[in-house]
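Comments concern the structure below.
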Amino acid sequence: MSDNQKTKMIVDKDLTLAQVSDDLYGSFIEHLGRAVYGGIYQPGHPAADKDGYRTDVLNLVRELKVPIVRYPGGNFVSGYQWEDGIGPKEKRKARLDLAWRTLETNQFGLDEFAAWAQKADTDVLMAINLGTRGIQDALNILEYCNLDTNTYWAGLRRKNGHEKPYGIKHWCLGNEMDGPWQTGHKTAQEYGRLAAETAKAMKTLDPSVKLVSCGSSSVDMPTFPDWEAITLGEDYDYVDYISLHTYYGNNENDTDDFLAKTQDMDRFIHTVISVCDYIKAQKRSRKTMMLSFDEWNVWFHSNQSDNKYMEEHPWTVAPHLLEDHYTYEDAILVGLMLITLIKHADRVKIACLAQLVNVIAPIMTEENGPAWRQTIFYPFLHASLYGRGTALQPVVSGGKHDTKNHEDVTDIDSVAVYNEERNEVTVFAVNRTDYAVDFEADVRSFEGYKVREYLALEGCDLKAVNSAESEAVAPVTRTDYQMDKGIFQTQTKPYSWNVIRFGL
Ligand code: AHR
């Protein structure tokens, strides 16, 4: 790799791509490990409120301004009987969760989650069980959550102390039903038919709901992209989104190749869009299918030890599972993943960082101590705070390099979002090389704009992690840039996340 590379970006007000959906900055809480028990809910903890919700966690979730949280799974949902988690706590049944070989006490259920979501100032993206269950159950939970009729399930919600319906708008029709590991795994034909009939029935009961059909659980599934074509062939007319899931890891300890993986994410999104549009054409439909990237993150640190733990210690309560401790380089990849999502803001309308607390999460908790921010907290925070508005077409030219499994990888990946209300345009740029790269942003179309703030994650050891005691990886404010007649120039540090906010 060479020195003195330069990347130039034109940030033009008129080159709009799409409105960024607020729900692009969603997240996910599954009944898995310590996400719920010991995560968002821990009665008796010094920071818990009177209902048992950890307020230290709530504060960090609010800081991230998460607009929507998927719940209750994940693989967990495919064997979940949601009625076990409602009503008087002393009468709730404990169950075995096959997905994570865990004992589920059901002391926390959908009413508790709805109350938590309200405190966290977020919406719920509710997933239903299409693994071991079907249409009738979907109707029951929908009636419980959203109807105000004098009927059994709506009445039961009222009896349980929740007078007003929750009005949950977004629903996932199952989870990763293409995966053989899924309880009640289905073929594409089986799932497509079930999803279509479930969606029709749900929309008859509550026409306001928006439904997510299960796409492939990863781009590497042998059934991808036939799964998308076959399932949408059945349910296209009745659903509003198709899901995508992706996790990346640096198992080979090859940072440059790891940071090139968003090329794969980009191709994944392009392919799913192509399949959606093919089915649209085939059906002569006027509807454009949107994408719900409802699981994405880095996930690999904990894999081996988790498998061993689940094998050797099945059926424990809230075990330490999927507790990846994220490094500095993981945060850089998360930044790149966010840029990739924003670049597809025209079609990706929901995305969920998987997950939110303790389980492959930006927020961690100590059982007898505080909640703290992982390295990946920061790029997500910046994108959620400053990435709302109109995504602009990225017009970027600069150096490229090859990595072990990727060619023509841009040295800097970047995107800009214009927020008219705040009179602000923010450039997100990642230098994914081991050399400094000069970066120029031409913002002349934004007359009179100056740099409001230049934040960066930079200069850390690639394997640095945060902990409850110390934050090795945290944003710094940069002042070493030039801004002259609408041209911004700086030198980005090797392996860095850069957030440049311009405003009047
Ligand atoms: O987020 C962890 C797991 O990853 C989810 O339960 C599942 O949907 C995916 O495979």
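The values are calculated or read from the model by the stated rules, or taken from the named source; none is laboratory data. Here the structure is a predicted model, which means the values were calculated and not measured. Because the Cβ atoms are built from the backbone with ideal geometry, glycine has one as well, and the counts that use them run over all protein chains shown. These area figures cover heavy atoms from the full protein model, side chains too; ligands, DNA and RNA do not enter into them. Shrake-Rupley method; radii C 1.70, N 1.55, O 1.52, S 1.80 Å.
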Scan (1) open to solvent by 10 Å² or more (accessible area, probe 1.4 Å); (2) in a strand (DSSP E or B) for the single condition Asp434 breaks and write down its number.
(2)
Which of the residues spanning region 8-35 are under 21 Å from Phe377 (Cβ atoms), more than 13 Å from the ligand (Cβ to nearest atom) and part of a loop (DSSP other than H, G, I, E, B)?
Val20, Arg34
Starting from region 192-215, take each residue that is among the basic types (Lys, Arg) and list its partners that are surrounded by fewer than 22 Cβ atoms within 10 Å (Cβ to Cβ), counting only C-beta distances under 7 angstrom and pairs at least six apart or across chains.
Lys200/Tyr238; Lys203/Val209; Lys203/Tyr238; Lys210/Lys169; Lys210/Asp240
Which one of the conditions (1) within 16 Å of the ligand (Cβ to nearest atom); (2) over 14 Å from the mean Cα position of the chain (by Cα); (3) not charged (D, E, K, R) does Pro394 fail to meet, given that it meets all the rest?
(1)
Residues that are in contact with a His (Cβ under 9 Å, 6 or more places away or on another chain) and not acidic (Asp, Glu): list the helices (runs of 4 or more DSSP H) wholly contained in region 222-292 that include at least 3 such residues.
262-282
Glu295 versus (1) modelled with pLDDT of 95 or more; (2) surrounded by fewer than 24 Cβ atoms within 10 Å (Cβ to Cβ); (3) of a type in the set (D, E, K, R): which is the lone unmet condition?
(2)
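Within region 237-271, how many residues are out of contact with any Cys (no Cβ under 8 Å at 6 or more places or on another chain), among the hydrophobic types (A, V, I, L, M, F, W, C) and under 20 Å from Gly26 (Cα atoms)? Can you show your working first?
Just the residues of region 237-271 that are out of contact with any Cys (no Cβ under 8 Å at 6 or more places or on another chain), to begin with: 237-241, 244-271.
Imposing the further condition that a residue be among the hydrophobic types (A, V, I, L, M, F, W, C) reduces the set to 239, 244, 258-260, 265, 268-269.
With under 20 Å from Gly26 (Cα atoms) added as a condition, the list becomes 239, 244, 265, 268-269.
Total satisfying the criteria: 5.
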Any idea which of (1) within 15 Å of the ligand (Cβ to nearest atom); (2) more than 18 Å from Tyr37 (Cα to Cα); (3) touching a His at 6+ places or on another chain (Cβ under 8 Å) is the one Cys352 doesn't satisfy?
(3)
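Could you list, in sequence order, the residues of region 298-328 that are within 16 Å of the ligand (Cβ to nearest atom) and open to solvent by less than 50 Å² (accessible area, probe 1.4 Å)? First the steps, then the outcome.
Here is the first cut: in region 298-328, the ones within 16 Å of the ligand (Cβ to nearest atom) are 298-307, 309-310, 318-324, 326.
Residues satisfying the conditions are Val298, Phe300, Ser302, Asp306, Met310, Ala318, Pro319, Leu321, Leu322, Glu323, Asp324, Tyr326.
Hey, does region 81-91 have a residue that's under 26 Å from the mean Cα position of the chain (by Cα) and open to solvent by 20 Å² or more (accessible area, probe 1.4 Å)? Break it down stepwise before answering.
Residues of region 81-91 that are under 26 Å from the mean Cα position of the chain (by Cα), as a first pass: 81-82, 85.
Those left that are additionally open to solvent by 20 Å² or more (accessible area, probe 1.4 Å): 81.
Yes, region 81-91 contains a residue that is under 26 Å from the mean Cα position of the chain (by Cα) and open to solvent by 20 Å² or more (accessible area, probe 1.4 Å).
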Among the numbered criteria (1) out of contact with any strand residue (DSSP E or B) (no Cβ under 8 Å at 6 or more places or on another chain); (2) closer than 21 Å to Phe76 by Cα, which one does Ile363 miss?
(1)
Within the group Val61, Val77, which residue is within 16 Å of the ligand (Cβ to nearest atom), part of a helix (DSSP H, G or I) and either open to solvent by less than 10 Å² (accessible area, probe 1.4 Å) or of a type in the set (Val, Ile, Thr) (or both)?
Val77
Of the conditions (1) within 15 Å of the ligand (Cβ to nearest atom); (2) assigned to a helix (DSSP H, G or I), Ser218 clears all except one; give me its number.
(2)
Yes or no: Val69 over 30 Å from Asp137 (Cβ atoms) and crowded, with 22+ Cβ neighbours inside 10 Å?
no
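Out of Val417, Val430, I need the residue that is within 12 Å of Thr7 (Cα to Cα), modelled with pLDDT of 95 or more and within 24 Å of the chain's Cα centre (by Cα). Which one? Can you show your working first?
Numbers: Val417 fails: within 12 Å of Thr7 (Cα to Cα).
It is Val430.
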Where a residue in region 294-311 is assigned to a strand (DSSP E or B) and its partner, wherever it lies, is more than 12 Å from the ligand (Cβ to nearest atom) and of a type in the set (Asp, Glu), with Cβ under 8 Å and at least six apart:
Val298/Asp330
Look at region 438-493 and say how many of its residues are open to solvent by 80 Å² or more (accessible area, probe 1.4 Å), without any contact (Cβ under 8 Å) to a residue 40 or more places away in the chain and in a loop (DSSP other than H, G, I, E, B).
4
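Take Thr16 and tell me if it is over 26 Å from Asp324 (Cβ atoms) and modelled with pLDDT of 95 or more. Walk me through how you get there before you give the answer.
On the way: over 26 Å from Asp324 (Cβ atoms): yes; modelled with pLDDT of 95 or more: yes.
Criteria met by Thr16.
Which one of Lys186, Lys200, Lys159 is more than 26 Å from the chain's Cα centre (by Cα) and within 28 Å of Asp97 (Cα to Cα)? Let's see the steps before the verdict.
Working: Lys186 fails: more than 26 Å from the chain's Cα centre (by Cα); Lys200 fails: within 28 Å of Asp97 (Cα to Cα).
Sole residue among the options that is more than 26 Å from the chain's Cα centre (by Cα) and within 28 Å of Asp97 (Cα to Cα): Lys159.
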What are the residue pairs meeting all of these: first residue in region 262-276, first residue open to solvent by 10 Å² or more (accessible area, probe 1.4 Å), second residue acidic (Asp, Glu), Cβ atoms under 6 Å, and 6 or more apart or on different chains?
Val275/Glu228
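Considering only region 345-377, how many residues are surrounded by fewer than 24 Cβ atoms within 10 Å (Cβ to Cβ) and not aromatic (Phe, Trp, Tyr)?
Of all residues in region 345-377, those surrounded by fewer than 24 Cβ atoms within 10 Å (Cβ to Cβ) come to 345-347, 349, 366-373.
Subsequent filtering for residues that are not aromatic (Phe, Trp, Tyr) retains 345-347, 349, 366-371, 373.
Counting residues in region 345-377 that are surrounded by fewer than 24 Cβ atoms within 10 Å (Cβ to Cβ) and not aromatic (Phe, Trp, Tyr) gives 11.
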Within region 36-58, the count of residues that are of a type outside the set (Phe, Trp, Tyr), at negative phi and not in a helix (DSSP H, G or I) comes to 13
